[in-house]
Amino acid sequence: MPTPADNPVTAEKAALGRRLFLDPILSRDRSVSCSTCHDPQQGFTDDLSQAKGVFGRVGTRRSPKLINRGYGRSFFWDGRIQTLEEQVLQPVINSLEMDLTLPEAVDRLRADDRYSKDFGAVFGDEPNQDDLARALSSYVRTILSGDSRYDRYVAGDAAALSEQEKLGLKVFREKGNCVTCHMGPNLTDERFHNTGVGYKNGRFSDEGRFVVTEKEEDRGAFKTPTLRDAALTPPYMHDGSLATLDDVVDSYDDGGIPNPNLDSEISRLNLSDDEKAALVAFLEALNGKLREGL
């Protein structure tokens, strides 16, 4: 896993980061923690189509799951942040999420005797913005999922997948063309694609990557999420508009939603009912063994 030279993961940093992740102390009304939207019991996301923050404020997008995000090359659905150390502080200062300034967050931690003691033990200094980011990002790097039945199958265990799931893998790799974007060990290319989600009446409700790059070809494009543990984390897409994996498969089978910037890899698939069912079964076989912390 890529890790900054100035922030190697240690058990002590990850443990401090975990406590901060679960603690609502970093939110304005002390009602919301990182784990509110990234629930360890729900694949480190939630079951809402839009994130909900302090005072019941509703965000603009679905909470992305944090599984294997230590391998990420950019962060958030639109990729606007380049490092995990920077990303972990953004929900704290977002008015729709935790709504606290970083100086206020640091003051709260310094006023807490236990946090003052623990930051001193781990970092040799009183709580500060940089070490808050180092602790939280260290913990996020320990949130991992692997050893799914799919992993065991590609490692040589032919019995790890059922015949239906093997058909689903074939569809995934061939007729479905899913592997074009959901590639590699983490089943994502970490790139941005327009599938038409959110396009209606000639416009996108959320312009996605375009907001970051201002390039027309990025309008309506969003980052490819990992498919690991996908069956555990409905609803789907950046806006949570697809309730089930069957809905996701149907959407791709239909060729996405036509729009001027539809990704060139998206086209009607003409899958049979058996192929659709097999593809969903394969996606369910991507559920792995989740672990967090060191």
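The values are calculated or read from the model by the stated rules, or taken from the named source; none is laboratory data. Computed from a prediction, not measured in an experiment: that's the story for all the values here. No Cβ is skipped: glycine too gets one built from the backbone with ideal geometry, and neighbour counts run over all protein chains shown.
Brief remarks follow.
Per-residue answers, yes or no, for (1) closer than 30 Å to Ala221 by Cα; (2) under 16 Å from the mean Cα position of the chain (by Cα); (3) in the same structural domain as Leu89 (by TED's automatic domain parsing):
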{"residue": "Ala155", "(1), (2), (3)": "no, no, no"}
{"residue": "Ala158", "(1), (2), (3)": "no, no, no"}
{"residue": "Gly168", "(1), (2), (3)": "yes, no, no"}
{"residue": "Lys175", "(1), (2), (3)": "yes, no, no"}
{"residue": "Cys181", "(1), (2), (3)": "yes, yes, no"}
{"residue": "Leu187", "(1), (2), (3)": "yes, yes, no"}
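- Filter result for Asp113 (among the acidic types (Asp, Glu), more than 18 Å from the chain's Cα centre (by Cα) and closer than 19 Å to Ser33 by Cβ): no
- Given (1) under 26 Å from Asp29 (Cα atoms); (2) of a type outside the set (D, E, K, R); (3) part of a helix (DSSP H, G or I), number of the condition Gly168 does not satisfy: (1)
- Meets criteria (under 21 Å from Asn186 (Cβ atoms), assigned to a loop (DSSP other than H, G, I, E, B) and under 11 Å from the mean Cα position of the chain (by Cα)) for Arg73: no
- Single condition His238 does not satisfy, out of (1) under 28 Å from Leu290 (Cα atoms); (2) free of Cβ contacts under 8 Å to residues at least 60 places away in the same chain; (3) in contact with a Gly (Cβ under 8 Å, 6 or more places away or on another chain): (2)
- Of the residues making up region 113-170, those that are exposed (fewer than 15 other Cβ atoms within 10 Å of the Cβ), more than 26 Å from Arg19 (Cα to Cα) and free of Cβ contacts under 8 Å to residues at least 24 places away in the same chain are Val154, Ala155, Gly156, Asp157, Ala158, Ala159, Glu163.
- Checked against (1) in a loop (DSSP other than H, G, I, E, B); (2) in the same structural domain as Gly17 (by TED's automatic domain parsing), Ala133 passes all but a single condition, namely (1).
- Residue match in region 83-92 (condition: touching a residue at least 40 places away in the same chain (Cβ under 8 Å), charged (D, E, K, R), outside any loop (DSSP other than H, G, I, E, B) and in contact with a helix residue (DSSP H, G or I) (Cβ under 6 Å, 6 or more places away or on another chain)): yes
- The set of residues in region 10-56 that are surrounded by 17 or more Cβ atoms within 10 Å (Cβ to Cβ), within 17 Å of the chain's Cα centre (by Cα) and in a helix (DSSP H, G or I) comprises Phe21, Cys34, Ser35, Thr36, Cys37, Gln42.
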